[in-house]
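Reviewing the structure listed below.
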Amino acid sequence: MSLKVRVISQQPPGGRCTLYAGYADALAHHFAVSAEVVFSETRDAHGDGFPSLWLNGAAVQPEDGMIVMPADVTAALVAHGVSAEAMAGLTEALGLPLERMMEGA
């Protein structure tokens with residue numbers, strides 16, 4: 001599978017930047033692809049600045065308009081043609097960084 005994963009983050013990373021980097025790590029591990037983190041000084045959530053998670057050149061948009069959730073990531077993957085079989089176990093893996101963020105809040 002060809003999947004390009006990119007996170008745009010502030011330096012040092014904050015809450016959502018850290019969360020999206022965790023999602024990127026889970027995606028990279030699950031699909032055996034690489035993920036990159038790009039640091040930016042431009043704040044543009046879910047756009048060309050931080051915090052944002054990009055899959056195959058498109059920013060993942062959160063359903064609630066605020067924070068990308070595991071369901072948003074899987075919906076974006078489906079939109080990119082990834083099968084349900086290829087995503088088996090991914091929702092749980094994406095839930096771990098979210099749990100870590102919620103415990104730290």
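Laid out as a table, the results:
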{"quantity": "Residue list for the stretch 40-81, filter: open to solvent by 60 Å² or more (accessible area, probe 1.4 Å), within 16 Å of V7 (Cβ to Cβ) and touching a strand residue (DSSP E or B) at 6+ places or on another chain (Cβ under 8 Å)", "calculated": "T42, R43, D44, D48"}
{"quantity": "Boolean, F31 is open to solvent by less than 40 Å² (accessible area, probe 1.4 Å), within 26 Å of A88 (Cβ to Cβ) and aromatic (F, W, Y)", "calculated": "yes"}
{"quantity": "Condition met for V37 (in contact with a helix residue (DSSP H, G or I) (Cβ under 8 Å, 6 or more places away or on another chain) and surrounded by 14 or more Cβ atoms within 10 Å (Cβ to Cβ))", "calculated": "yes"}
{"quantity": "Evaluation of Y20 against (1) open to solvent by less than 70 Å² (accessible area, probe 1.4 Å); (2) modelled with pLDDT under 95 (one fails), failing number", "calculated": "(2)"}
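The values are calculated or read from the model by the stated rules, or taken from the named source; none is laboratory data. What you are looking at is a predicted structure, and each value in this text was computed from that prediction instead of being measured. Don't worry about glycine lacking a Cβ; one is built from the backbone with ideal geometry, like all the others, and counts go over all protein chains shown. Protein only, heavy atoms only, side chains kept; ligands, DNA and RNA dropped before computing areas. Shrake-Rupley method; radii C 1.70, N 1.55, O 1.52, S 1.80 Å.
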